[in-house]
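All remarks here apply to the structure that follows.
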Amino acid sequence: MNKKSALGLLAIVAIAAVATPAFAKNFTVKELNSGAAGTFVFEPNYLHVKPGDTVTFEPTDAGHDSQSFEVPAGAQAWKSEIGKPITVTFKKDGVYLYECNPHHLFGMLGVIEVGKATNKAQAEKAAAAMEKTQVMNKGRLTKLMAEVK
């Protein structure tokens, strides 16, 4: 490979490295008192995203937050303030389970699958434990976990 070809290849690699974040997507999850799936819901309440994508949790109705209660090993947990949006960047493959803390007993729960479900068994255990605490919308989290591949 001559010097000119090597410099051209290096330029292409550098441009690709800088441009890669431009391909990341941002998704919005609304925090609702009532939605298509019933009462006290995140909409959508299941997402499958790629590593590097972001999700903005938007408190569309008052009194809601978003916080993780199960994340893959080494992944960053999150917790928003009530009534405040939060944007989370998902860097690690795996299953992320989250809740609205004031309304988790009412089944206000969600699942984000990032890339491959590397921690599926662990997430299933956490989901089963959370399901036992539900006073409303029982089975919602179990149905969401059925989406995980």
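Just to be sure, is VAL88 of a type in the set (Val, Ile, Thr), over 16 Å from ASN33 (Cα atoms) and open to solvent by less than 10 Å² (accessible area, probe 1.4 Å)? Even if it seems obvious, please write down each step before you answer.
Values: of a type in the set (Val, Ile, Thr): yes; over 16 Å from ASN33 (Cα atoms): yes; open to solvent by less than 10 Å² (accessible area, probe 1.4 Å): no.
No: the conditions fail for VAL88.
Can you give me the number of residues within segment 27-36 that are open to solvent by 60 Å² or more (accessible area, probe 1.4 Å) and either part of a loop (DSSP other than H, G, I, E, B) or farther than 21 Å from GLU113 by Cα (or both)? Residues flagged as open to solvent by 60 Å² or more (accessible area, probe 1.4 Å) and either part of a loop (DSSP other than H, G, I, E, B) or farther than 21 Å from GLU113 by Cα (or both) within segment 27-36 amount to 3. Total residues in segment 26-44 satisfying the condition of being touching a residue at least 40 places away in the same chain (Cβ under 8 Å) and acidic (Asp, Glu): the figure is 1.
The values are calculated or read from the model by the stated rules, or taken from the named source; none is laboratory data. Keep in mind it's a predicted model, so treat the numbers as computed, not measured. Positions of Cβ are backbone-derived with ideal geometry, glycine not excepted, and every protein chain shown enters the neighbour counts. Note: accessible area is taken over every heavy atom of the protein model, side chains too, but ligands, DNA and RNA are not part of it. Shrake-Rupley method; radii C 1.70, N 1.55, O 1.52, S 1.80 Å.
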